[in-house]
Amino acid sequence: MRSLERAAPRGAWAEPPPIARFVGDTLTIADSELHKIVRDPLELLTRAVQPLLWLLVFGQVLARVRAIPTGNLAYMDFLAPGVLAQSALFIAIFYGISVIWERDLGVVHKLLVSPAPRSALVLGKALSGGLRALIQAFLLYVVTAVVGIHLRLEPLPILGVALALFLGSALFATFSLVIACLVRSRERFMGIGQLLTMPLFFASSAVYPIALMPDWLKVVAAINPLTYMVEAVRSLMVVGGTTAHPLAMDLGVLGGALAVLVIIGAWVYPRLGQ
């Protein structure tokens, strides 16, 4: 198509509007990233093991101990949305390692000399990170149904869960990309990723209610995007699930943080090629 456009007389082809070019570039990047899943689906299966252990081992033990008050929700019903959000976090937070590999293979240099805007490159990778999480979430959804979690199976709540997981995963994938652009070393990136995952997870309401946290940790939870993803998923996923904030606020925080990180990512991404 591009060769045809170059060969055609001037004016023979209408120039697409900027927004159409931006959307096309974004979807092209997302599509190329998703092809990696097709070539290596085992990656998603192996990353699903740890969340399953949290649900089937850790959750079952604490449910028997009954040490964490969760109101009207059974502890397993309370934990399942947190584990689902955890799986999205874990698969997204290490997404940036692929960007460092692309730099070493010379792919980043080819992308940087393309006419695609940097924001389209970053947003395309963010969309890919969100879709990766949805594929893994489907597997975990099936497991939660098998172990007896009281799921809401109406179409709208399921779509709402998918939206919350998609936004949160895209957010953390972009955050991971920003870190990769700044450190530019696989070893440093892995160290930072491992350092961040557990604090983000435990400074949210994934495992226990925020009301049980000390005051300083409540402040951290209030600025932790994972808190809003967990609460949105919990309110939509399980029967009787609630959120401390309006659902629109939870989704708005995730969408707003994603937009900010895409802007930051578009600014730092060219540095990866230097």
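Condition test on VAL262, is it surrounded by 17 or more Cβ atoms within 10 Å (Cβ to Cβ), within 16 Å of ILE68 (Cβ to Cβ) and either without any contact (Cβ under 8 Å) to a residue 12 or more places away in the chain or β-branched (Val, Ile, Thr) (or both)? Reasoning before the result, please.
Numbers: surrounded by 17 or more Cβ atoms within 10 Å (Cβ to Cβ): yes; within 16 Å of ILE68 (Cβ to Cβ): no; either without any contact (Cβ under 8 Å) to a residue 12 or more places away in the chain or β-branched (Val, Ile, Thr) (or both): yes.
In short, no.
What number of residues in segment 91-110 are out of contact with any Gly (no Cβ under 6 Å at 6 or more places or on another chain) and either more than 29 Å from LEU226 (Cβ to Cβ) or not aliphatic (A, V, I, L, M) (or both)? It would help to see each step written out before you state the result.
First, the residues of segment 91-110 that are out of contact with any Gly (no Cβ under 6 Å at 6 or more places or on another chain): 91, 96-107, 110.
The next check asks that each one be either more than 29 Å from LEU226 (Cβ to Cβ) or not aliphatic (A, V, I, L, M) (or both); those that pass are 96, 98, 101-107, 110.
Residues meeting the conditions: 10.
Say whether the condition of being acidic (Asp, Glu), in contact with an Asp or Glu (Cβ under 8 Å, 6 or more places away or on another chain) and either part of a loop (DSSP other than H, G, I, E, B) or under 25 Å from VAL57 (Cβ atoms) (or both) is met by at least one residue in segment 231-242. I'd like the intermediate steps shown before the answer.
Quick first cut of segment 231-242, residues acidic (Asp, Glu) only: 231.
Then keep just the ones that are in contact with an Asp or Glu (Cβ under 8 Å, 6 or more places away or on another chain); that gives 231.
Right, trim to either part of a loop (DSSP other than H, G, I, E, B) or under 25 Å from VAL57 (Cβ atoms) (or both) and you get 231.
Checking segment 231-242: at least one residue is acidic (Asp, Glu), in contact with an Asp or Glu (Cβ under 8 Å, 6 or more places away or on another chain) and either part of a loop (DSSP other than H, G, I, E, B) or under 25 Å from VAL57 (Cβ atoms) (or both).
Considering each of LEU139, LEU153 in turn, give the residue that is outside any helix (DSSP H, G or I), modelled with pLDDT under 90, among the hydrophobic types (A, V, I, L, M, F, W, C) and closer than 30 Å to ILE68 by Cα. Break it down stepwise before answering.
Values: LEU139 fails: outside any helix (DSSP H, G or I).
Exactly one residue qualifies, and that residue is LEU153.
Is it fair to say VAL161 is buried (at least 18 other Cβ atoms within 10 Å of the Cβ) and among the aliphatic types (A, V, I, L, M)?
In short, yes.
All but one of (1) free of Cβ contacts under 8 Å to residues at least 24 places away in the same chain; (2) part of a helix (DSSP H, G or I) hold for LEU226, so report the exception by its number.
Against the list (1) free of Cβ contacts under 8 Å to residues at least 24 places away in the same chain; (2) part of a helix (DSSP H, G or I), LEU226 comes up short only on (1).
The values are calculated or read from the model by the stated rules, or taken from the named source; none is laboratory data. From a predicted model like this one, the values you see are computed outputs, not experimental measurements. Cβ: placed from backbone, ideal geometry, glycine included. Neighbour counts: every protein chain shown.
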